[in-house]
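Visitor: Starting off with a structure, shown below.
The values are calculated or read from the model by the stated rules, or taken from the named source; none is laboratory data. These figures come from a predicted structure and were not determined experimentally. Backbone-built Cβ (ideal geometry, glycine too); neighbour counts: all protein chains shown. Only protein heavy atoms, including side chains, enter the accessible area calculation; ligands, DNA and RNA are left aside. Shrake-Rupley method; radii C 1.70, N 1.55, O 1.52, S 1.80 Å.
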Amino acid sequence: MKKNRLRALILVVILAVLLITGCNGTTDEEDNGEEPNTGESKKFALFMSHMSNAFTMELSGAVKEKAEELGVQLAVNDGGNDVAKQISQIETAISQGIEGIIIEAISVDGIKPAVEAAKNAGVPVVTVNQKITQQELADSFVGVSYEEGGELQMTKVIQDIGSKGNIAILLGPMGSDAQLGLYAGYEKVLKENTDINIAFEQSANWKKDEALKLSENWLQTGTQIHAIVAQNDGMALGALKAVKDAQLEDKINVYGLDAVPDALKAVKDGSLKATVSQSTKDQGTKAMETCYKVAMGESVESEIMVEHTLITIDNVEDFIEE
């Protein structure tokens, strides 16, 4: 009897151990000391030139939203308009085993070493919004034709001021793809309109406060200006404040680009003559989607373009989100 009871007790203990092991999900892989499969999502990184205005926030927000939809992790890096910093950020991500990177480059030339490093490490690279020198080093570019955008913006300016007069131009950071491309578009239109004179042009580095100071200085010279053309909406809004403060709204038209919310409001109330949408959300969404596809071994187009749209008081309601 004692032996039977002992056997029964041993069986009970064995069953209890088996039940506990099953509940805890212990596998042979764990017993061998191997790390279990946690189901951790793929890791990607976005490198922004800066995060100081509505456009870059909207672009990065669209990338993040798509990353969440795809179920992957995304680290967002702010380059602070410092090329060396952006290169360092990218190189660090590569060393940490990142599976795909999206770059909104600070400089068309300066960022090239980091892209080469990613290529050598086999890390997929998608550039967004701004191309780089030797764009073929990256797997794909998602963005717009800045020259086309510049043509669209400047054509509207010429039409509004009657094909003659003085204009001032607020440029983005010198050497950036957007600054160069937009200006090429301006030049294309201006070659056909020789009665238009560029009275002033200078970089305000995408910043509203710098554009405000520059515009104030230009206005204080007493030079007649018929239009101020800004390569982004932040600078346009800075120029608009200077024009309003000088009570010259009826004499100077101001134009922007990016279609950010504050600019759309200004177009609606008639103070900003026009802005240009470059389909910012589409750029961000497609960039993340494209980088993910490359990382998953899918083939993608080397260039994925979205469209510009001129926004004036006539169609601005179509772009204002409630």
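Visitor: With label points built 7 Å along Cα→Cβ from the Cα atoms of residue 249 and residue 57, find their separation and express it in nm.
Guide: 2.4
Visitor: Oh, and also: In the range 98-205, which trypsin sites (Lys or Arg not before Pro) are in a loop and have at most 12 other Cβ atoms within 10 Å, using DSSP for the loop call? Walk me through the intermediate numbers first.
Guide: Details: sites: 119, 131, 156, 164, 188, 191; in loops: 131, 164, 191.
Qualifying residues, ordered by number: 164, 191.
Visitor: Given H placed 1.01 Å from N in the peptide plane, which residues other than close sequence neighbours of residue 128 have an amide H under 5 Å from its amide H?
Guide: Sorted by chain and number, the residues that satisfy this are 103, 104, 105, 142.
Visitor: Give, to the nearest whole percent, the P(r) tail of the range 180-268 beyond 19 angstrom, counting all Cα pairs.
Guide: Tail of the P(r) past 19 Å holds 38 percent of the pairs.
Visitor: Taking a probe of 1.4 Å, how large is the accessible area per residue of the range 148-241, in Å²?
Guide: Numbers: 3930 Å² over 94 residues.
Result: 42 Å² per residue.
Visitor: Stretched out fully, how many nm does the piece from residue 174 to residue 315 gain, at 0.36 nm a residue minus the Cα gap?
Guide: Working: separation 141, 0.36 × 141 = 50.76 nm, distance 3.18 nm.
This chain segment gains 47.6 nm when fully extended.
Visitor: Related question: Just how much of residue 223 is accessible, in Å², when a 1.4 Å probe is used and the result is rounded to the nearest 10?
Guide: 60
Visitor: Beyond 18 Å, what percent of the Cα pairs of the range 230-322 remain?
Guide: Roughly 52 percent, once rounded to a whole number.
Visitor: Additional query: Roughly what would the spin-label model give for residue 75 and residue 88, points 7 Å off Cα along C-beta, in nm?
Guide: That separation, rounded to one decimal, is 1.5 nm.
Visitor: What spacing in nm lies between the two simple spin-label points modelled at residue 223 and residue 166, each 7 Å away from Cα in the Cβ direction?
Guide: 0.6
Visitor: Taking every pair of Cα atoms in the range 125-188, average 1/r, invert it to obtain the Kirkwood radius, and report Rg/Rh to two decimals. Spell out each step's value before the answer.
Guide: Values: Rg = 14.0 Å, Rh = 13.0 Å.
With Rh from the inverse mean 1/r over Cα pairs, Rg/Rh is 1.08.
Visitor: If you rank 183, 146 by how much accessible surface each has, with a 1.4 Å probe, what is the order from largest down? Numbers along the way, then the final one.
Guide: Working: 183 45, 146 15 Å².
If we order 183, 146 from most to least accessible, we get 183, 146.
Visitor: With helices defined as uninterrupted DSSP H runs, which ones in the chain have an alpha carbon span along their own long axis of at least 30 Å and mean Kyte-Doolittle hydropathy of at least 1.0? Walk me through the numbers on the way to the answer.
Guide: On the way: long enough: 2-24 (33 Å, 1.31).
TM-like helix candidates: 2-24.
Visitor: Then there is this: Note the full-extension length gain between residue 209 and residue 299 as 0.36 nm times their separation in residues minus their Cα-Cα distance, in nm to one decimal. Walk me through the intermediate numbers first.
Guide: Working: separation 90, 0.36 × 90 = 32.40 nm, distance 4.33 nm.
Stretched out fully, the residue 209 to residue 299 stretch lengthens by 28.1 nm.
Visitor: While we're here: Suppose we keep just the DSSP beta bridges with both residues in the chain; what percent of those would be antiparallel, to 5? Please list the in-between numbers first.
Guide: Working: 3 of 36 bridges.
Roughly 10 percent of the beta bridges in the chain run antiparallel, per DSSP.
Visitor: Divide by every residue of the chain the summed helix terms, -39500 (n - 2.57) for each DSSP H run of at least 4, and state the resulting mean residue ellipticity at 222 nm, rounded to the nearest 500 deg cm²/dmol. Please report the intermediate quantities before stating the final value.
Guide: Details: 11 runs with 146 residues, N = 322.
Roughly -14500 deg cm²/dmol at 222 nm, from the helical runs in the chain.
Visitor: Pop out the Kirkwood hydrodynamic radius of the range 67-161 from its pairwise C-alpha distances, inverse of mean 1/r, in Å to one decimal. Write out the running numbers ahead of the final one.
Guide: Working: mean 1/r = 0.0679 Å⁻¹.
Roughly 14.7 Å, rounded to one decimal.
Visitor: From the list (1) 23.2; (2) 17.0; (3) 14.7, can you say which value of mean projected area of the Cα convex hull in nm² was derived from the structure given?
Guide: Entry (1).
Visitor: So what is the relative contact order for the range 51-170, in percent, with contacts set as C-alpha pairs under 8 Å and at least six apart?
Guide: About 16 percent, as a whole number.
Visitor: If all Cα-Cα distances of the range 137-291 are sorted into 10 Å bins from 0 onward, what percent lands in each bin, rounded to whole numbers?
Guide: Values per bin, smallest distances first: 11, 42, 34, 9, 3, 0.
Visitor: Please give the FRET efficiency for residue 117 paired with residue 268, using the beta carbon to beta carbon distance and R0 = 56 Å, rounded to the nearest 0.05. It would help to have the intermediate numbers written out before the result.
Guide: On the way: r = 46 Å, r/R0 = 0.82.
Working from the Cβ atoms, E equals 0.75.
Visitor: Counting C-alpha atoms alone, how compact is the range 276-316: give Rg to one decimal and Dmax as a whole number, in angstrom.
Guide: 13.9, 45
Visitor: Among 111, 161, 193, whose Cα lies farthest out toward the positive end of the dipole of the chain, if unit charges sit on the beta carbon of Lys, Arg (+1) and Asp, Glu (-1)?
Guide: Value: 111.
Visitor: Can you send over the solvent-accessible area of residue 109, 1.4 Å probe, protein chains only, in Å² to the nearest 10?
Guide: 100
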